[in-house]
């Protein structure tokens, strides 16, 4: 079996200072740790997957959050520092979980993946829900606290707590 490195929502609208729904400095602080892990995953031949918020202009999520990551906009694109390479997967998602009505499960199964590491933003939202579903599908899930971020420290800690204590996911560095 094999491993996969899943990078969640490291897109312009969440990471850039002027992003439509920026996670602020916390998101920018995890760029380098994710980049280093991405290089390692590539060297080791792991499946690399970018899950990217990609909303319709009238998405119901915009009733709760500002308009962000609209299909076809720069805001929905992976940040330049983590640019996907040819052959890597860039999968759009419209909901919190990277599994909900996306190709993620199929990609993992086709690549014989049994272990996933999840990185990105937001710890307590899209990372948490993607990790929850990965765990429910039977994947061995790891999250490194230095490679995830949320809008606040409290939100970050809540997400890590839920993954570690409620789901039993391996959470490093917490």
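Computed from the coordinates by the stated procedures, all read-outs in this text should not be read as laboratory data. A quick note: this is a predicted structure, and the numbers were derived from the prediction, not measured. Neighbour counts are summed over all protein chains in view; Cβ atoms, including those assigned to glycine, are modelled from backbone coordinates with ideal geometry.
For 172, 93, 164, 63, what's the fewest-to-most ordering of other Cβ within 10 Å of each Cβ?
Details: 172 13, 93 23, 164 16, 63 6.
Listing 172, 93, 164, 63 from fewest to most nearby Cβ atoms yields 63, 172, 164, 93.
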Say each of residue 135 and residue 101 gets a label point 7 Å from the Cα, pointing the same way as Cα to Cβ; how far apart are those two points in nm?
2.5 nm
Taking the square root of 5 times each eigenvalue of the Cα gyration tensor, what semi-axes in Å does the equivalent ellipsoid of the range 72-165 have, largest first?
21, 18, 12
So, with points 7 Å from each Cα along the Cβ direction, the residue 32-residue 112 label distance in nm works out to 3.7 nm
Which label belongs to the value computed from this structure, given these candidates for Cα Rg over 2.2 N^0.38 Å: (i) 0.94; (ii) 1.07; (iii) 1.98?
(i)
For residue 86 paired with residue 172, estimate the spin-label separation in nm (one decimal), with each label point 7 Å from Cα along the Cα-to-Cβ line.
3.1 nm
Could you work out how far the C-alpha centroid of the range 135-174 sits from that of the range 28-70, in angstrom?
16 Å
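For the range 2-172, what is the relative contact order in percent, using Cα pairs closer than 8 Å and at least 6 residues apart in sequence? Write out the running numbers ahead of the final one.
Numbers: 345 pairs, mean separation 45.8, N = 171.
For the range 2-172, the relative contact order is 27 percent.
Among 100, 139, 14, 5, what is the fewest-to-most ranking by other Cβ atoms within 10 Å?
On the way: 100 13, 139 21, 14 28, 5 24.
Ordered by Cβ neighbours within 10 Å, fewest first: 100, 139, 5, 14.
Which order do 174, 97 fall in if you start with the one that has the fewest other Cβ atoms within 10 Å? Let's see the in-between values first.
Numbers: 174 15, 97 21.
Ordered from fewest to most neighbouring Cβ atoms within 10 Å, 174, 97 come out as 174, 97.
What value, in deg cm²/dmol to 500, does the helix sum -39500 (n - 2.57) over DSSP H runs of n ≥ 4 give at 222 nm once divided by the residues of the chain? Could you put the intermediate results ahead of the total?
Values: 6 runs with 47 residues, N = 174.
That comes out to -7000 deg cm²/dmol.
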